Amino acid sequence: MDVATDRPAYLAEHFTDAEQQKESAKLGMWVFLLTEILLFGGLFCAYAIYRAWYPDMFYNAHKHLDVVLGAVNTVVLILSSVTVALAIHAIQHNKRKQSIIFLTVTLLFAATFLVIKYFEYSHKIHLGMLPGKFYTYTGIEGTNPHIFFTIYFTMTGLHGLHVLAGMIVIGWVLIRTIKGHFNSEYYTPVENAGLYWHLVDMIWIYLFPLLYLVG
Amino acid sequence: MNIIPEKNYLTYPKGLKSWLFTLDHKRIGLMYLFAIMFFFLVGGIFALMIRLELFSPGKDIVSADTYNQLFTLHGAIMIFLFIIPSIPASLGNLILPLMLGAKDVAFPRLNLASWYIYVFGAMFAVYSMIAGAADTGWTFYTPYSIETNTAVISLTTGAFILGFSSIFTGLNFLVTIHKLRAPGMTWFKMPLFVWGLYATSIIQVVATPVLGITLLLLILERVAGIGIFNPALGGDPVLFQHFFWFYSHPAVYIMILPGMAIISELISVHSHKKIFGYKVIAYSSLAIAFISFLVWGHHMFVSGQSELAGMIFSFLTFFVGVPSGIKVFNWVATLYKGAVRFTTPMLYTFAFLILFSIGGLTGIFLGALSVDVHLHDTYFVVAHFHYTMMGGTVIAFFAGLHHWWPKIWGRMYNERIAKITAVLVFIGFNLTFIPQFIMGAHGMPRRYYDYLPQFQGMHELSTYGAYLLGFAFTIMAVYLIHSIFKGKPAGNNPWGGLTLEWQTTSPPDPHNFHEVPVWTHGPYDYDKIKVTPDLEKELETA
Amino acid sequence: MENSGTFWLPRAASTYAADVDGLFYFILWTSVVIFALVVFGLIYLSIRYKKRGKTELTAGISHNTKLELTWTIIPTLLILVVFVWGFRGYMKMRVVPKDAIEIRVTAQKWFWSFDYQEGINSVGELVVPAGKPIKLLISSRDVIHSLFVPDFRLKMDAVPNRYTIAWFQADELGEYQLYCTEYCGTEHSKMLGKVRVLSQGDYENWVNENSQLGQGLTLEEFGRQLYENKGCMPCHSLDGTTKIGPSFKGIFGHEVQLTSGETVIVDENYIRESILNPQAKIVAGFQPVMPPYQGILKPQEVDALIAFIKSLKE
């Protein structure tokens, strides 16, 4: 078939045209994001149920989280969302260098988030504010304060894993951008990585008030 | 004479590597088929051991602990490794893109990944068998699953990983159905098999992540003692049940909807008759998918949940029943003024209609609050879900397998033996599970290693039935494998189907179609298009 | 299957059982009718329209609104009847009469223990007066169990850290089978019990007898009685056979090896500790599965059991 000759290199064999490929990839990404929301949805339910059971304990326990560090991290993630959006915008207009810079900055923001999280975690671990049976801290009033830290660590821990996964994805997109795989014609992977990153960001925007700003 | 094309997806390209790294949906489907049939065999052997142990009260062949591990593994393997992937991942992968007139699924690499993830997850489950198999039941109820010193972590990790495989298949199908349909194939001109898999995929994508997080929390509970489901640490064991059934009730529709999808297809093709109520069947699949998310609490009527919750869940449960009932009536009505052929796939379709009707109707008993209190956790429940899952899904799977077998391999099995086997399966199945309804209603609890002498007669009958069933499946394996090598070439369209998979060669070309097909008619237009099945052509001309 | 009861259901021995059975049979016969219609339709249509001769075009019937409405509306109405009936029956089971006698039910691996208002306790056997509503306040000491009395159509889960409530009233005297129906481990299928329904007079006698339990018996005899009634018997044999736990035969005064590798002499203190806190020292070759009897046995009952085990010296 001679139609095949004018097929661009990025177009997979089983798609009829670039439009179909792009739309498929986008739809696939949105469906994937839906599964991610439901994954966290289970934890949000657990949070709601235990908070309803132990409202006072939740209030007392949340005071031991560092609101300043939490807020800084929120700002860091929001900024990273902006830079990833700018990176997509740049590649849409064939500005490869700009896109590379913005992706790199996004990675740096993500790393900053994890470093701050590391300090928060090690402080808590040091004090014995640990989940479940490892909880040894004594300074919190109320029933079962370890449940709060179970929820804190599983939610932020799972989110942290997502940040890490996002960094890997963005890193991969960055390498491909450097190699010149993307241009204003074809930039779907950059866009999808951006979508994923926005979701990671959005989940934190819910986690921050729910955990750090109880009451 | 029918001939088999020399270059087809089975023969080209050659070599083990070309299979292990294939992106062809048909090969991936076939690899899934082999994998799930292997686990059907393993799960089936466990079932036969369970039935042998229960032949008489007291110890027959194994200890109580081994028995508890056997029924756990039987359930976990049959659910997570066999039924959930059975129809979508094997037959769906093989047939769905062909039906749509597509060259492949939307994400072929993701498709291959899902197979490897399946194998990886299965390895954890197998490891669990060696390392002191879990004895929690496939439901992993807390706090028992936190306390027991058996290999719960490896089995739940296996199930967790298998979830990803299931999500990837569902995601792939959703996008494929949305974006890769042949020119001319509008939503309401899609074959009903596609509609059924579409509804299934929605549930897979929405429900499976919740199972994922539930199992993850259970694993953390065992590894790190996080206390969220552990009453000893202030957690709530009943919360686990809510989480678990939020996935696992929709999951039974992940299992049955593809079965219904196959029956919708087969009843029309083998009676050469337009399907009765196409839109109703399509919409009812979506309705079932939607309502299935709202009924999980009917597994917990005696768990101490509030009367209000019981009332709401009971009410909604009945409304899952209505669309299923409507489907059955539509299928039967399709036969009216048709040209019914008593082929092997059709015999399995009839078996499905009878067994699934029993399964569905006995579900009404369990949805009724006061009656459920009596029947909950007895053999009545065991029999009910085997009638829906095995009499429904598994029978439909075998109907579909016999229907598409000549397409997959290009060769036919021996129909006479196949029909006799179908009858044996039907008799064996009923003999196994009808006694279980009766003893369940009399109060025989499920998951019992030992039982009171009054139940012995019924248990004996059930065991005889199970072995008849095992015998019938053995024959099936023999004639199917035989046909792969020695079967008569079946022709491109052995049954006279109108959907696109029958318009390519058997077995299909590696690229499915030589030219992009255009869809000009409905999938069941037997009133407009006369198509003589290849298997009947010689007879008719004679 | 049993001496009484019907083909489908066991005897109906509680006040609300008849209502449950009524609904059961309503669903059963409605289902039989619907099922018969489906099977008849299937057989008749498939034979009547069996393919004969050459392949021809068939009728293009795609739907029939009247027919479809009929088979949607009738089942929906039937289902609403079943729902309302089931819910009302359920409320009868849930709403406990005010004058009900309260009994505490404690489930643990693998026996049932019942505490009565009179301050007495029975294991594996629930004894109640006929014709009186009985309220059961149920909980579990370990995993989830479920109390099931088929003849009463009664079932309720026993959940750790929480009370669940059920009630029944049995008017007929007799003995009824009780099961555990939530899977709970090795001896799940042995976690059985009986409900004995006595006349008011017999019940009072039983209460009196039990409040003076052990009186008129030697300590050893009393110990044997406790051994049989408090759930020791299923796991510990008297003839030397190994069950879930070590046999009591000739165990007293002997040295045993523990899982920790140490050895101890089986004396009064070891037996006492092993009854009240069994996990402390497990004999090698056995699983740590025995429930603690702290709070279940009174001090003199522990003494009686020790005396009984002592008497089993070879």
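Each residue, B:Leu52 and B:Tyr116, gets one label point 7 Å from its Cα in the Cβ direction; the gap between the two is 3.9 nm.
Peptide packing for C:274-284, C:303-313, A:29-39 was compared via the average number of neighbouring C-beta atoms within 10 Å per residue; ordered from the highest value, the list is C:303-313, A:29-39, C:274-284. With r as the distance between the Cβ atoms of B:Ala131 and A:Leu27 and R0 = 35 Å, compute the FRET efficiency 1/(1 + (r/R0)^6) and round to 0.05. Once rounded, the FRET efficiency stands at 0.30. Calculation over all alpha carbon pairs of segment B:350-409 in 5 angstrom steps from 0 returns a P(r) of 4, 20, 22, 17, 13, 9, 6, 4, 3, 1, 0 percent. Taking amide H atoms as placed 1.01 Å from N in the peptide plane, the amide H of C:Ser247 lies under 5 Å from those of C:Ser237, each 5 or more residues away in sequence or on another chain. Peptide B:296-303 is shielded by partner chain Cβ atoms: per residue, an average of 3 of them sit within 10 Å of its Cβ. Counting only other chain Cβ atoms within 10 Å of each residue's Cβ, the peptide B:230-242 averages 6. For chain C, the extents of the C-alpha atoms along the principal axes are 92, 52, 37 Å, listed from largest to smallest. For segment B:18-33, putting each phi into the Karplus relation 6.51 cos²θ - 1.76 cosθ + 1.60 with θ = phi - 60° gives couplings of 5, 7, 5, 10, 5, 10, 6, 4, 6, 5, 4, x, 5, 5, 4, 4 Hz, in residue order, rounded to whole numbers and with x for Gly and Pro. Inter-chain Cβ neighbour count for C:140-148, averaged per residue, equals 5 (cutoff 10 Å, partner chain atoms only). Note that segment C:219-310 carries a Kirkwood radius of 13.2 Å, evaluated over its alpha carbons pair by pair. Percent of Cα-Cα pairs more than 45 Å apart in the protein assembly as shown, please. So the portion of pairs separated by more than 45 Å is 40 percent. Across q = 0.07, 0.09 Å⁻¹, segment B:22-541 modelled as identical point scatterers on its alpha-carbon atoms has Debye log10 I(q)/I(0) values of -0.37, -0.62, in the order of the q list.
Hey, in the GNM for chain C with a 10 angstrom Cα cutoff, which one of C:Leu77, C:Leu45, C:Leu217 fluctuates hardest? Looking only at C:Leu77, C:Leu45, C:Leu217, the biggest GNM fluctuation is shown by C:Leu45.
Among the listed pairs A:Lys97/A:Lys117; B:Lys274/B:Lys530; C:Lys98/C:Lys194; B:Lys337/C:Lys54; B:Lys26/B:Lys327; C:Lys132/C:Lys230, those with a Cα-Cα distance over 22 Å are A:Lys97/A:Lys117; C:Lys98/C:Lys194; B:Lys26/B:Lys327; C:Lys132/C:Lys230. Extension gain, B:Ile312-B:Leu539: 0.36 nm per intervening residue step, less the Cα-Cα distance, totals 76.0 nm. Put simply, segment A:144-215 fits an ellipsoid with semi-axes of 35, 12, 6 Å; these come from the alpha carbon gyration tensor as the roots of five times its eigenvalues, largest first. Computed from the C-beta positions of A:Trp53 and A:Leu195 and an R0 of 45 Å, the FRET efficiency is 0.80 to the nearest 0.05.
Per residue, the average separation of C-alpha pairs within less than 8 Å and at least 6 apart gives chain C a relative contact order of 14 percent. Take the Cα of C:Glu209, go 7 Å toward its beta carbon, and the backbone nitrogen atoms of segment C:174-188 under 15 Å from that spot belong to C:174-175.
Between segment B:179-254 and segment C:1-45, what's the alpha-carbon centroid distance in Å? First find each Cα centre; the distance between them is then 34 Å.
Give, to the nearest whole percent, the P(r) tail of segment C:101-211 beyond 16 angstrom, counting all Cα pairs. So the pairs more than 16 Å apart make up 55 percent of the total in segment C:101-211.
Roughly speaking, what % of Cα-Cα pairs in segment B:478-530 are separated by over 17 Å, rounded to a whole number? Taking all Cα-Cα pairs of segment B:478-530, the fraction more than 17 Å apart is 51 percent. Scaled to the globular estimate 2.2 N^0.38 Å, the Cα spread of segment C:5-62, given as radius of gyration, is 2.03. Using only alpha carbons, segment C:159-314 has a radius of gyration to Kirkwood radius ratio (Rg to Rh) of 1.01.
Highest mean packing comes first when the peptides B:520-533, C:166-179 are listed by Cβ atoms within 10 Å, giving C:166-179, B:520-533. Once the Cβ-Cβ distance of C:His254 and C:Glu125 is raised to the sixth power relative to R0 = 22 Å, the FRET efficiency obtained is 0.10.
In Å, what Kirkwood hydrodynamic radius results for chain A from the alpha-carbon pair distances? For chain A, the Kirkwood estimate is 19.2 Å.
For C:Lys194, nonlocal amide neighbours, meaning residues 5 or more places apart or on other chains whose placed amide H falls under 5 Å from its own, are C:Glu125, C:Leu126, C:Leu178. Highest GNM mean-square fluctuation among C:Arg153, C:Arg224, C:Arg48, for chain C modelled with Cα contacts below 10 Å: C:Arg48. Over all other residues within a Cβ to Cβ distance under 12 Å of B:Thr22, the charged ones net out to +3, with Lys and Arg as +1 and Asp and Glu as -1. Peptide packing: for B:52-59, B:505-512, B:136-143, the average count of neighbouring Cβ atoms within 10 Å per residue gives the ranking B:136-143, B:505-512, B:52-59, highest mean first.
Read-outs throughout are calculated quantities, based only on the coordinates presented, and are distinct from any laboratory measurement. Keep in mind the model is a prediction, meaning the values are calculated, not measured. Counting neighbours? That spans all protein chains shown, and the Cβs are built from the backbone with ideal geometry, glycine included.
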